[in-house]
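The values are calculated or read from the model by the stated rules, or taken from the named source; none is laboratory data. Remember, it's a predicted structure, so these values are computed and weren't measured experimentally. Here the Cβ is made from the backbone with ideal geometry for all residues, glycine too, and neighbour counts use every protein chain on show.
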Protein chains: 2
Amino acid sequence: MSIWFIEDETPGYKLQWKVNRILYQKQTKYQYLEVIELEDFGRCLILDGAIQITEKDEFIYNEMISHIPMVTHPNPRKVLIIGGGDGGAAREVLKYKEVEEVQLIEIDEEVINAIREFFPQLAGVFDDRRFKLIVDDGIEFVKSKQDEYDIIIVDSSDPVGPAVNLFEYPFYNDCLKALKQDGILNIQSESPFFNQDIIQKVTKILKGLFKHVDTYLACIPTYPSGLWSFTMASKEYRYSDAGLERANAVDTRYFTPDIFRSCFTLPKFVKDILCE
Amino acid sequence: MSIWFIEDETPGYKLQWKVNRILYQKQTKYQYLEVIELEDFGRCLILDGAIQITEKDEFIYNEMISHIPMVTHPNPRKVLIIGGGDGGAAREVLKYKEVEEVQLIEIDEEVINAIREFFPQLAGVFDDRRFKLIVDDGIEFVKSKQDEYDIIIVDSSDPVGPAVNLFEYPFYNDCLKALKQDGILNIQSESPFFNQDIIQKVTKILKGLFKHVDTYLACIPTYPSGLWSFTMASKEYRYSDAGLERANAVDTRYFTPDIFRSCFTLPKFVKDILCE
């Protein structure tokens, strides 16, 4: 079989992956969902034509979106994950013993079902007694919360389709209120190569709402351009003040205490995007 | 026009770029050389089907292969660049005023000619009075040298075709002899995702020859997997002992003094490749 999955990144740039097997394809209420097995990257979840996770490199994204805020906060006990229906970020958050509850709010139940059926190494987290799944619209859910979470992680897809309002002021303002007075919001904020406008926009909004806003980077092979940004907004704690004992205690494949420090070091062209 | 340049990275993974114009195509004595203009990344030099540089992101590779050894060495005056016929690494090295001579040895004169014709922003360096071009086989050239260079940069293409012997013991041993007694050798050592065997092999060889061997990383969008490794082997100086005044003095777009420190921080899976 010579079938290739082709992901359009920009009008002039595509990634192309050899497909071993197509396991599942369905138009859900919210998006077109596919599970395929790639020759080089194993099983892969695709939403509206964009790769969300692959077996081979999901550890990088999931570790980096989770451990940075988890180590920056000295004692995170209640964590909300918005999006992230693949369970990868929840798996990382639950590596910390002090966590009492992780709520995951995913708008599309079909994502959860696909993970349960095709990604057993991720679905395990759904059975953790500290894990609570809520199938609902994260934007509406957060509006009803106040002073409740230590950390909110926005593990969204790209700002098109169902995720578009997760990159706007009203949502971030609701997250601010839903967080405790020393809470941390962490979002994925796209590629510094292809989405400079998004990075600038979310940084500007978050700086108007939070005491500390810091951008950090990771290198994720299956995401467009490889270079990927996260933006962490915090009411009280800053990464540079964090103790690293808790970073040492978790079992990871990308993240280390040294990576915790160095991922905030930005190349000059990224500092320029942020006007630093 | 809807023409796409497709680069085979592995049997199951390709990058695909929209072509605006094909400027030049020629089978040289050594390789198939193309200059095309990409929709998203500008003009682009391709050798045997692999992108070497694009106008849009060449600064990352060229800065990172050059400035790390240039800052690690306290007073580099004579530098040899093997390969690197595009002139990008030479351009970066010549940003340091203390440099008296940069020799660039490129096996394929057609690469130089194509740069002169199609990449004026790179070709400028060929007219610098401190720059000396030698069209010859770098492997043979280095054999004849002893105790001559402060820094040797091996800016090779992938270890297939004309570059294959640039990843072998005899060549590195000749570089050791060609360097002064406090000299530094720096090589590009491929992707930690797709070429773990190459990184392991060159690290093992270089550790048998040099006092210090250190791996560092950069994120280069147009190279396979984005994540790219360099291996620096030094007879005397180590990066961690370097003063950063000289790093502050150069004008760059990716490299900064903070990047100089942090690029040596390796994700856990890369440390595992290196058995660190």
### Query
Would you say A:Ile152 is in the same structural domain as A:Val71 (by TED's automatic domain parsing), modelled with pLDDT of 95 or more, touching a Cys at 6+ places or on another chain (Cβ under 8 Å) and not in a loop (DSSP other than H, G, I, E, B)?
yes
### Message
Is it the case, given these coordinates, that B:Ala163 is small (Gly, Ala, Ser) and assigned to a helix (DSSP H, G or I)?
### Response
yes
### Message
Given the options B:Leu227, B:Leu185, B:Leu266, name the one that is surrounded by 20 or more Cβ atoms within 10 Å (Cβ to Cβ), farther than 27 Å from A:Pro192 by Cα and touching a residue at least 12 places away in the same chain (Cβ under 8 Å).
### Response
B:Leu185
### Message
Here is a list: A:Gln181, A:Gln188, A:Gln200. Which entry is within 19 Å of A:Lys143 (Cα to Cα), among the polar types (S, T, N, Q) and away from every other protein chain (no Cβ under 14 Å)?
### Response
A:Gln181
### Task
State yes or no: is A:Gln27 more than 14 Å from every other protein chain (Cβ to nearest Cβ) and over 21 Å from A:Asp251 (Cα atoms)?
yes
### Task
For residues that are of a type in the set (A, V, I, L, M) and more than 16 Å from A:Pro11 (Cβ to Cβ), scanning just segment B:7-24, find the one that is farthest from the other protein chains (Cβ to nearest Cβ).
B:Leu23
### Message
Against the definition (closer than 19 Å to B:Tyr216 by Cβ and either at the interface with another protein chain (Cβ under 8 Å from one of its Cβ atoms) or within 19 Å of the chain's Cα centre (by Cα) (or both)), how does A:Ala218 come out, yes or no?
### Response
yes
### Query
Is it the case that some residue within segment A:45-55 is more than 21 Å from the chain's Cα centre (by Cα) and either more than 14 Å from every other protein chain (Cβ to nearest Cβ) or surrounded by fewer than 24 Cβ atoms within 10 Å (Cβ to Cβ) (or both)?
no
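Return yes when A:Glu58 is within 14 Å of another protein chain (Cβ to nearest Cβ), buried (at least 24 other Cβ atoms within 10 Å of the Cβ) and touching a Ser or Thr at 6+ places or on another chain (Cβ under 7 Å) and no when it is not.
The answer is no for A:Glu58.
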### Query
Is it true that some residue in segment B:126-146 is under 24 Å from B:Arg43 (Cβ atoms) and assigned to a loop (DSSP other than H, G, I, E, B)?
yes
### Query
Right, A:Phe193: within 14 Å of chain B (Cβ to nearest Cβ), at pLDDT below 95 and at negative phi or not?
yes
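Answer yes or no as to whether A:Ser156 is touching a residue at least 12 places away in the same chain (Cβ under 8 Å), in contact with a Leu (Cβ under 7 Å, 6 or more places away or on another chain) and within 14 Å of chain B (Cβ to nearest Cβ).
Values: touching a residue at least 12 places away in the same chain (Cβ under 8 Å): yes; in contact with a Leu (Cβ under 7 Å, 6 or more places away or on another chain): yes; within 14 Å of chain B (Cβ to nearest Cβ): no.
So A:Ser156 fails the test.
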